[in-house]
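Shown next, in C-alpha coordinates, is the structure this report addresses.
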Amino acid sequence: MKVKDLMTTDVKSCREYSTLNTAAQMMWDHDIGCVPIVDHDNRVIGMLTDRDVSMSAYLQGGPLTAASVTSAMSKELFSCHPDDDLASAERLMRDKQIHRAPVVDADGRLTGIVSLNDIVREAAQESERKRPREVSDVEVISTIASVCAPRHRIIEATQAAA
(Lines give C-alpha, C1' and ligand atoms only; values in the text may rest on other atoms or scores of the structure.)
Protein backbone atom coordinates (compact mmCIF):
# COMPACT_ATOMS: atom_id res chain seq x y z
CA MET A 1 0.00 0.00 0.00
CA LYS A 2 1.22 3.47 -0.84
CA VAL A 3 0.92 6.62 1.27
CA LYS A 4 -1.32 8.16 -1.42
CA ASP A 5 -3.85 5.35 -0.84
CA LEU A 6 -4.34 6.39 2.78
CA MET A 7 -3.45 10.08 3.08
CA THR A 8 -5.92 12.89 3.61
CA THR A 9 -5.85 15.26 0.64
CA ASP A 10 -8.09 18.02 2.03
CA VAL A 11 -5.38 19.34 4.33
CA LYS A 12 -5.95 22.45 6.40
CA SER A 13 -2.77 24.51 6.52
CA CYS A 14 -1.63 27.95 7.61
CA ARG A 15 0.61 30.46 5.91
CA GLU A 16 3.83 31.47 7.59
CA TYR A 17 2.42 34.90 8.52
CA SER A 18 -0.66 33.46 10.31
CA THR A 19 -1.16 33.90 14.04
CA LEU A 20 -1.40 31.13 16.60
CA ASN A 21 -5.01 32.22 17.11
CA THR A 22 -5.79 31.48 13.45
CA ALA A 23 -4.15 28.05 13.69
CA ALA A 24 -5.92 27.20 16.97
CA GLN A 25 -9.28 28.23 15.51
CA MET A 26 -8.64 26.07 12.44
CA MET A 27 -7.77 23.08 14.64
CA TRP A 28 -10.94 23.60 16.68
CA ASP A 29 -13.23 24.10 13.66
CA HIS A 30 -11.95 21.05 11.79
CA ASP A 31 -11.24 18.74 14.78
CA ILE A 32 -7.57 18.32 13.86
CA GLY A 33 -4.46 18.18 16.02
CA CYS A 34 -1.99 19.86 13.70
CA VAL A 35 -1.59 22.09 10.70
CA PRO A 36 1.30 22.19 8.27
CA ILE A 37 2.78 25.66 7.86
CA VAL A 38 3.36 26.55 4.22
CA ASP A 39 5.07 29.38 2.35
CA HIS A 40 3.66 31.36 -0.58
CA ASP A 41 4.42 28.44 -2.96
CA ASN A 42 2.61 25.91 -0.73
CA ARG A 43 5.93 24.37 0.33
CA VAL A 44 5.85 22.95 3.83
CA ILE A 45 8.19 24.86 6.14
CA GLY A 46 7.02 23.49 9.49
CA MET A 47 4.38 21.67 11.49
CA LEU A 48 2.29 23.10 14.30
CA THR A 49 0.46 20.87 16.77
CA ASP A 50 -2.18 21.73 19.33
CA ARG A 51 0.46 21.02 21.97
CA ASP A 52 2.82 23.52 20.32
CA VAL A 53 0.10 26.17 20.53
CA SER A 54 -0.67 25.53 24.19
CA MET A 55 2.99 25.37 25.24
CA SER A 56 3.74 28.54 23.31
CA ALA A 57 0.84 30.33 25.02
CA TYR A 58 2.17 29.21 28.38
CA LEU A 59 5.82 30.08 27.71
CA GLN A 60 5.27 33.34 25.81
CA GLY A 61 2.50 34.56 28.11
CA GLY A 62 0.88 36.73 25.45
CA PRO A 63 -2.33 36.47 23.48
CA LEU A 64 -2.43 34.00 20.60
CA THR A 65 -3.43 36.87 18.32
CA ALA A 66 0.00 38.44 18.88
CA ALA A 67 2.13 35.36 18.21
CA SER A 68 3.11 34.03 14.79
CA VAL A 69 2.83 30.35 13.91
CA THR A 70 6.54 30.44 13.11
CA SER A 71 7.27 31.19 16.78
CA ALA A 72 5.82 27.85 17.88
CA MET A 73 6.05 25.50 14.88
CA SER A 74 8.47 22.63 14.63
CA LYS A 75 11.00 23.63 12.01
CA GLU A 76 12.56 20.19 11.82
CA LEU A 77 10.38 18.67 9.15
CA PHE A 78 9.81 14.96 8.60
CA SER A 79 7.73 14.25 5.52
CA CYS A 80 6.98 11.52 3.05
CA HIS A 81 5.94 11.29 -0.59
CA PRO A 82 2.70 9.98 -2.11
CA ASP A 83 4.42 6.98 -3.73
CA ASP A 84 6.28 5.92 -0.57
CA ASP A 85 5.27 2.57 0.88
CA LEU A 86 3.10 2.82 3.96
CA ALA A 87 5.75 0.84 5.83
CA SER A 88 8.26 3.66 5.28
CA ALA A 89 5.76 6.21 6.65
CA GLU A 90 5.29 4.02 9.73
CA ARG A 91 9.06 3.73 10.13
CA LEU A 92 9.36 7.53 9.93
CA MET A 93 6.71 7.94 12.62
CA ARG A 94 8.43 5.38 14.85
CA ASP A 95 11.92 6.79 14.39
CA LYS A 96 10.94 10.46 14.79
CA GLN A 97 8.12 9.93 17.31
CA ILE A 98 5.56 11.82 15.26
CA HIS A 99 1.82 11.23 15.00
CA ARG A 100 1.45 12.80 11.55
CA ALA A 101 3.60 13.43 8.51
CA PRO A 102 2.93 15.90 5.73
CA VAL A 103 2.97 14.35 2.29
CA VAL A 104 4.87 16.46 -0.21
CA ASP A 105 5.66 16.31 -3.92
CA ALA A 106 9.18 16.43 -5.36
CA ASP A 107 9.23 20.23 -4.91
CA GLY A 108 8.20 20.07 -1.25
CA ARG A 109 4.64 21.24 -1.94
CA LEU A 110 1.91 19.94 0.32
CA THR A 111 -0.24 17.24 -1.27
CA GLY A 112 -1.64 15.51 1.80
CA ILE A 113 -1.09 14.32 5.33
CA VAL A 114 -0.89 10.83 6.76
CA SER A 115 -1.48 10.13 10.43
CA LEU A 116 -1.08 7.32 12.88
CA ASN A 117 -4.88 7.40 13.17
CA ASP A 118 -5.16 6.72 9.42
CA ILE A 119 -2.90 3.69 9.76
CA VAL A 120 -4.76 2.29 12.76
CA ARG A 121 -8.15 2.72 11.06
CA GLU A 122 -6.84 0.99 7.92
CA ALA A 123 -5.56 -1.95 9.99
CA ALA A 124 -8.96 -2.28 11.66
CA GLN A 125 -10.79 -2.18 8.31
CA GLU A 126 -8.48 -4.77 6.80
CA SER A 127 -9.14 -7.04 9.76
CA GLU A 128 -12.92 -6.65 9.41
CA ARG A 129 -12.88 -7.29 5.65
CA LYS A 130 -10.91 -10.51 6.04
CA ARG A 131 -8.68 -9.63 3.09
CA PRO A 132 -4.86 -9.86 2.91
CA ARG A 133 -3.36 -7.53 5.48
CA GLU A 134 -1.08 -4.72 4.33
CA VAL A 135 -0.93 -3.14 7.79
CA SER A 136 -0.09 -5.73 10.42
CA ASP A 137 -1.09 -5.54 14.07
CA VAL A 138 2.56 -5.90 15.06
CA GLU A 139 3.55 -2.89 12.93
CA VAL A 140 0.73 -0.78 14.34
CA ILE A 141 1.54 -1.70 17.93
CA SER A 142 5.24 -1.06 17.39
CA THR A 143 4.55 2.34 15.82
CA ILE A 144 2.14 3.40 18.56
CA ALA A 145 4.56 2.26 21.28
CA SER A 146 7.43 4.22 19.73
CA VAL A 147 5.41 7.37 19.11
CA CYS A 148 4.03 7.31 22.66
CA ALA A 149 7.34 6.56 24.41
CA PRO A 150 8.66 9.41 26.57
CA ARG A 151 11.36 11.20 24.60
CA HIS A 152 13.94 10.95 27.40
CA ARG A 153 13.88 7.14 27.05
CA ILE A 154 14.59 7.44 23.34
CA ILE A 155 17.47 9.83 24.03
CA GLU A 156 18.89 7.50 26.73
CA ALA A 157 18.66 4.48 24.42
CA THR A 158 20.38 6.38 21.61
CA GLN A 159 23.18 7.51 23.94
CA ALA A 160 23.67 4.00 25.32
CA ALA A 161 23.99 2.57 21.81
CA ALA A 162 26.65 5.13 20.84
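The values are calculated or read from the model by the stated rules, or taken from the named source; none is laboratory data. Just so it is clear, the model here is predicted, and its values are computed rather than measured. Here the Cβ positions follow ideal geometry from the backbone for every residue, glycine too, while neighbour counts run over all protein chains shown. Just so you know, the surface numbers come from the protein's heavy atoms only, side chains and all, with ligands and any DNA or RNA stripped out. Shrake-Rupley method; radii C 1.70, N 1.55, O 1.52, S 1.80 Å.
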Q | Every residue from the stretch 25-68 that is surrounded by 14 or more Cβ atoms within 10 Å (Cβ to Cβ), part of a helix (DSSP H, G or I) and within 16 Å of the chain's Cα centre (by Cα) | A | Met26, Met27, Asp50, Asp52, Val53
Q) Give me the pairs: first residue in the stretch 98-126 and at pLDDT below 85, second residue of a type in the set (S, T, N, Q) and open to solvent by 30 Å² or more (accessible area, probe 1.4 Å), beta-carbon distance under 8 Å, and six or more apart or on different chains, which are they? A) Ala123/Ser136
Q.
Restricting to the stretch 69-78, name every residue that is closer than 17 Å to Thr22 by Cα and either open to solvent by 80 Å² or more (accessible area, probe 1.4 Å) or in a helix (DSSP H, G or I) (or both).
A. Val69, Thr70, Ser71
Q.
Consider the stretch 1-24. How many of its residues are open to solvent by 50 Å² or more (accessible area, probe 1.4 Å), part of a strand (DSSP E or B) and of a type in the set (Val, Ile, Thr)?
A. 1
Q: Of all residues in the stretch 82-109, count the ones that are more than 10 Å from the chain's Cα centre (by Cα), of a type in the set (A, V, I, L, M, F, W, C) and open to solvent by less than 60 Å² (accessible area, probe 1.4 Å).
A: 5
**Q.** From the options Glu90, Glu76, residue that is over 24 Å from Asp39 (Cα atoms) and at pLDDT 70 or above
**A.** Glu90
Q: Find all pairs meeting these conditions: Cβ atoms under 9 angstrom apart; at least six residues apart or on different chains; first residue within the stretch 67-86 and closer than 9 Å to Met47 by Cα and free of Cβ contacts under 8 Å to residues at least 12 places away in the same chain; second residue among the basic types (Lys, Arg) and open to solvent by 50 Å² or more (accessible area, probe 1.4 Å).
A: Glu76/Lys96
